[in-house]
Amino acid sequence: MPRALRPLLFAAAAVSAVAADASVRVIPDVAFLAPDRKERLDVYLPAEAASGQHRPALVWIHGGGWTGGTKNEARAKNVCTTVAAAGYVAISIDYRLGAGAWPTNLFDCKNAVRFLRARAEAYGVDPDRIAVAGGSAGGHLALMVALTAGKPGLEPEGEASPYPGTSSAVRCVANFYGITHILTRRETDKQGNPGEARRTLAGAISVHRATSETDPVLTLSSPVTHVTRHSPPMLTLHGRADATVDYLQAEELHRVARERGASHELLLLDGVGHTFDLQTWAKKPLPRDLRPVLLEFLARHLK
């Protein structure tokens, strides 16, 4: 079989396997942070692997505007069940929320990657084949995890690091309609058409403990700031009718990636708004099934 066809055939077969999601086993509420933290993660395990087999893995980060949301969201279940049925180990995580959550929220997400590496044998994970993905605020944090691996000040250390000496680097990242540049986010009409006015930064200021709209932390915490030609491959899925995070955020990341020589694949969906999963939006089927899109992307970069 030609090597170039393998990821495509793998993805097609994996989509068929999703129907058999009864084979996916979920281990809920696993501790992965310091003992005094209440946040937990859920582990989605595929059908039993052969002895000694190690599988690629995906960390899913939920949305909720950095202030709400849960690892148990329907979108997380859809994505994690899909990839687990395709043969991956997946985890859906909770993380620090609310005012002043930055940078602990980022550290929590990086500690989830470190958790998978530290527990690789227990869950049958290949520690060299880990990806990260997330939706909305989770998409923003997933990009930050992928783009800032090893950066001083943006890695958990000391008491914030239950896994000292363990890398938080990932092989690729999938961003579902996340904020890519906090300072350029636009107001939209109800149909998601971006206007000229910049969206208020009040929420971002609170979460990031910024002193004003010009505080450097808002630039530091914007994924576009960290894109280089050495960045892991990125995939962005975004609806053109998104009235929560304007689709220009996705286009800006795509433009910056091209300018800096990074790998970024962008899929914009006409007539689709915020908070879609791999198959549905607003309780209706998407115009395109995104399961093959995500699975083919993961297959190429986690092979």
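The values are calculated or read from the model by the stated rules, or taken from the named source; none is laboratory data. None of these values were measured; they are calculated from a predicted model. Glycine also receives a Cβ, built like all others from the backbone with ideal geometry; neighbour counts cover every protein chain displayed. Surface accessibility is based on the protein's heavy atoms, side chains included, excluding ligands, DNA and RNA. Shrake-Rupley method; radii C 1.70, N 1.55, O 1.52, S 1.80 Å.
Worth pointing out:
- Each principal axis of the Cα atoms in segment 187-229 has its own extent, and those three values, largest first, are 32, 30, 15 angstrom.
- With 10 Å bins from 0: P(r) over the chain, alpha-carbon pairs, percent: 6, 29, 38, 21, 5, 0
- Segment 139-244: translational diffusion in µm²/s, Stokes-Einstein, Kirkwood Rh over Cα pairs, 37 °C, 0.692 mPa s: 214
- Taken along its three principal axes, the alpha carbon spread of segment 257-303 comes to 37, 27, 14 Å, from the longest extent down to the shortest.
- In this structure Glu259 has an accessible area near 130 Å², from a 1.4 Å probe over the protein heavy atoms.
- Taking other residues whose beta carbon is less than 11 angstrom from the beta carbon of Cys109, and scoring Lys, Arg as +1 and Asp, Glu as -1, yields 0.
- Here the dipole of the chain is about 500 debye; that uses its Cα centre as origin and unit charges on the Cβ of Lys and Arg (positive) and Asp and Glu (negative).
- Rolling a 1.4 Å probe over the protein heavy atoms of the chain, with every protein chain left in place, gives an accessible area that is 53 percent carbon and sulfur.
- Each Cα pair of segment 191-303 feeds into the Kirkwood radius, which the Stokes-Einstein equation turns, at 25 °C and 0.890 mPa s, into a diffusion coefficient of 154 µm²/s.
- Calculated diffusion of segment 51-184, Stokes-Einstein form, Kirkwood radius summed over Cα pairs, 10 °C and 1.306 mPa s, µm²/s: 108
- Sorted into 10 angstrom bins from 0, the C-alpha pair distances of segment 42-86 split as 24, 47, 21, 7, 1 percent.
- Beta-bridge orientation, segment 28-157: approximately 35 percent antiparallel, per DSSP, counting only bridges with both partners inside.
- Reachable lysines from Lys71, criterion Cα separation under 26 angstrom, eight or more residues apart if same chain: Lys38, Lys110, Lys283, Lys284
- Convex hull volume per residue in cubic angstrom - Cα atoms of segment 74-129: 85
- Residue-averaged 222 nm ellipticity for the chain, from DSSP H runs of 4+ at -39500 (n - 2.57), nearest 500: -8500 deg cm²/dmol
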